[in-house]
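The values are calculated or read from the model by the stated rules, or taken from the named source; none is laboratory data. Quick caveat, the model's predicted, so the values are computed rather than measured. Glycine gets a Cβ as well: all are built from the backbone with ideal geometry, and neighbour counts include every protein chain shown. Only protein heavy atoms, including side chains, enter the accessible area calculation; ligands, DNA and RNA are left aside. Shrake-Rupley method; radii C 1.70, N 1.55, O 1.52, S 1.80 Å.
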Amino acid sequence: MTERVEGHGGQLALAALRAHGVREMFTLSGGHVFPLYDAAHTAGFPLYDVRHEQSAVFAAEAVAKLNRRPGLAVLTAGPGVTNGVSGLTSAFFNASPVLVLGGRAPQFRWGSGSLQEMDHLPLVAPVTKHAETVFGADDIPRAVSAALTTALTPHRGPVFLDFPLEAIFSVGDAALPEAVAPAPIEADPEEVARAAGLIAAAHRPVIIAGSDVYAGDAVDALRAAAEALRVPVFTNGMGRGALPPSHPLAFAKARRVALSGADVVVVVGTPLDFRLAFGDFGDARVVHVVDAPSQRATHVTPAASPAGDLRLILTAFAEHPGDRVDHDDWVARLREAEDAAKARDAEAMAAETDPIRPARVYGELRRVLAPDAITIGDGGDFVSYAGKYLEPAQPGTWLDPGPYGCLGTGMGYAMGARVSHPDRQVCVLMGDGAAGFSLMDVESLVRQKLPVVIVVGNNGIWGLEKHPMRAMYGYDVAADLQPGLRYDKVVEALGGAGETVEKAGDLAPALERAFASGVPYLVNVLTDPADAYPRSSNLA
Ligand SMILES: Cc1ncc(C[n+]2csc(CCOP(=O)(O)OP(=O)(O)O)c2C)c(N)n1
Ligand SMILES: [Mg+2]
């Protein structure tokens, strides 16, 4: 029998949110959405507030990415919603199931010039899977439930609803739709078999696995497929850690050798975008495995592109009945390149330079981070180094901004991670430039007792822009920040703690103090501004 719910608009929304596994709300106060707060407060539903709406959406996105369940941000009408647009767009690029509920000026006097009266839909429609205004309280459970189903259906992504003032404040009653998990999309079996055949017949195959493999709960199937067909695996985004670094088929450093030497490149659960040379790997044939037909590339034509539930497709690869070509030489060649690169990295990560180079920061961090630590990258070069030197040991532990590349995710992602995993280390790796976007939200973390460690690579510049601009023009503008700025003092002033580190030998004790402190703690590492992340190819 269908359950019925009654109450004001906020309560009607909350009933549908809970039915779909939403467990917390991120927000910044605004009168237009008070009924949602009232519903949460009265029901004891966790509510976290922030100092800028983008942090609320980023926090919701972190919850969605880490836990594979919907994340919720509630934004007040007008500026609340517009401040959330970069967060929504990041979630759209990342296929993260985020629901943003917006307030909205009253409908009954629309056009008369109410406070913050604007139609949000044209603004958010291009960066959401669904955007809708819900005009009556009775319609709220249906709309929330349908929006969440859409968000969770592969290819996943954000959805947006707004409620005119009178809709959310009035009382209604309605049926609560049952939350049904989306049925898996079955890929065309012939396309799957053709893809598996191509991989099995390859002499030098490579798999690159991305975020949708984790989002689609296909990590075990990926491993089974890689082992059965004996294919070396590289990862990006939330795919990182899908195979433990010790696995004989797990690779990270030998990417260039792999992609320039491969005869078949299998890209799973990530687009053929700039991070993957737009899907152009020379003579190699490309197999692109996507979680929905909409994700097939239109700018290149892969040799095969099965579209559907990734777990089912990868399991079918694992069970491929035909012979496979022996790849042992190829795997050994890549292992040799990987080991050589690892030895070079180890040297860089131990280097005793003055000023400190970013590599050393990661060398020290690797010693203190637990295997299940959540690491978050928000910055330019400093974060590229994090990608290079940190090796996530488990899937679902690495949060980068994804292909939208939006600076400012740091404190929002940290909040979402801390709320999701109260017992784990949460460590934000931040450029000093990136720090400017969200550091005020340390106040939100302090006040709500959400400790995280922030390591700032403080080179006094927008490094990823300054170095390229100099290379291009011989000079640079708009690329300098104050050198040696005490970002640790900012965190201290906001109620947290921190310290500045100038000598490599002081890094380890500082990081230990940070993780033991139990408060938001910023380790402000003064790094070498002359150090530029080497970007010699678009495979970086
Ligand atoms: C919201 C946003 N604004 C601007 C950029 C362009 N951008 C990319 S990297 C970067 C420099 C980042 O500097 P910092 O955080 O200090 O890291 P560093 O490169 O110095 O290590 C900038 C400005 C962006 N990606 N996102
Ligand atoms: Mg910088």
Subject >> Subset of segment 498-524 (residues that are within 15 Å of PRO451 (Cα to Cα) and assigned to a loop (DSSP other than H, G, I, E, B)) >> reply: SER517, GLY518, VAL519, PRO520
Original post:
Is it true that some residue in segment 348-361 is of a type in the set (Ser, Thr, Tyr), more than 16 Å from ligand 2 (Cβ to nearest atom) and open to solvent by 20 Å² or more (accessible area, probe 1.4 Å)?
Top reply: yes
**OP:** Kindly indicate whether GLY474 is away from ligand 2 (no atom under 11 Å from the Cβ), farther than 24 Å from ILE356 by Cα and modelled with pLDDT of 95 or more.
**Re:** yes
**OP:** List the number of the failed condition for PRO403; all other conditions in (1) open to solvent by less than 20 Å² (accessible area, probe 1.4 Å); (2) assigned to a loop (DSSP other than H, G, I, E, B) hold.
**Re:** (1)
Original post:
Cβ-Cβ below 6 Å, separation at least six or inter-chain, first residue in segment 425-444 and within 19 Å of GLY396 (Cα to Cα) and among the hydrophobic types (A, V, I, L, M, F, W, C), second within 12 Å of ligand 2 (Cβ to nearest atom) and assigned to a helix (DSSP H, G or I): which pairs?
Top reply: LEU429/VAL383
Original post:
Using beta carbons and a limit of 9 Å, which pairs, at least six apart or on different chains, have the first residue in segment 381-393 and free of Cβ contacts under 8 Å to residues at least 40 places away in the same chain and more than 16 Å from ligand 2 (Cβ to nearest atom) and the second one part of a helix (DSSP H, G or I) and open to solvent by 10 Å² or more (accessible area, probe 1.4 Å)?
Top reply: LEU390/ARG366
Subject >> Qualifying positions in segment 510-527 - within 16 Å of ligand 2 (Cβ to nearest atom) and open to solvent by less than 30 Å² (accessible area, probe 1.4 Å) >> reply: LEU522, VAL523, ASN524, VAL525, THR527
Subject >> Test for ALA434: is it more than 28 Å from HIS52 (Cβ to Cβ), under 26 Å from the mean Cα position of the chain (by Cα) and within 16 Å of ligand 2 (Cβ to nearest atom) >> reply: no
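Report, by residue number, each residue of segment 245-293 that is among the β-branched types (Val, Ile, Thr) and touching a helix residue (DSSP H, G or I) at 6+ places or on another chain (Cβ under 7 Å).
Applying the first criterion (among the β-branched types (Val, Ile, Thr)) to segment 245-293 yields 257, 264-268, 270, 286-287, 289-290.
Correct list: VAL257, VAL264, VAL265, VAL266, VAL267, VAL268, THR270, VAL286, VAL287, VAL289.
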**OP:** With the condition kept exactly as written, say whether any residue in segment 404-413 is within 11 Å of ligand 1 (Cβ to nearest atom), among the aliphatic types (A, V, I, L, M) and under 19 Å from ALA73 (Cβ atoms).
**Re:** yes
Original post:
Are any residues in segment 126-138 open to solvent by less than 50 Å² (accessible area, probe 1.4 Å) and in a helix (DSSP H, G or I), and if so, which ones?
Top reply: VAL127, ALA137
**OP:** Considering each of ALA151, ALA183, ALA174 in turn, give the residue that is surrounded by 18 or more Cβ atoms within 10 Å (Cβ to Cβ) and within 25 Å of the chain's Cα centre (by Cα).
**Re:** ALA151
Original post:
In the list ALA386, ALA359, ALA337, which residue meets the criterion of being assigned to a helix (DSSP H, G or I), in contact with a helix residue (DSSP H, G or I) (Cβ under 8 Å, 6 or more places away or on another chain) and more than 21 Å from ALA242 (Cα to Cα)?
Top reply: ALA359
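Please tell me if GLY495 is surrounded by fewer than 16 Cβ atoms within 10 Å (Cβ to Cβ), at pLDDT 95 or above, part of a helix (DSSP H, G or I) and more than 16 Å from ligand 1 (Cβ to nearest atom). Explain how you work it out, then say what you get.
Working: surrounded by fewer than 16 Cβ atoms within 10 Å (Cβ to Cβ): yes; at pLDDT 95 or above: yes; part of a helix (DSSP H, G or I): no; more than 16 Å from ligand 1 (Cβ to nearest atom): yes.
No; evaluated as a whole, the condition is false for this residue.
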**OP:** Scan segment 460-467 and give yes if some residue there is within 13 Å of ligand 1 (Cβ to nearest atom), at pLDDT 95 or above and among the β-branched types (Val, Ile, Thr), otherwise no.
**Re:** yes
**OP:** Taking ASP309 as the residue in question, decide whether it is at pLDDT below 95, within 26 Å of ASP220 (Cα to Cα) and open to solvent by 30 Å² or more (accessible area, probe 1.4 Å).
**Re:** no
**OP:** Could you list all residues from segment 21-60 that are closer than 22 Å to ARG142 by Cβ, in contact (Cβ under 8 Å) with a residue 60 or more places away in the chain and within 21 Å of the chain's Cα centre (by Cα)?
**Re:** GLY21, VAL22, ALA60
Original post:
Just for helices (runs of 4 or more DSSP H) wholly inside segment 160-263: which have at least 2 residues that are over 30 Å from ALA13 (Cα atoms) and touching a Gly at 6+ places or on another chain (Cβ under 7 Å)?
Top reply: 189-201
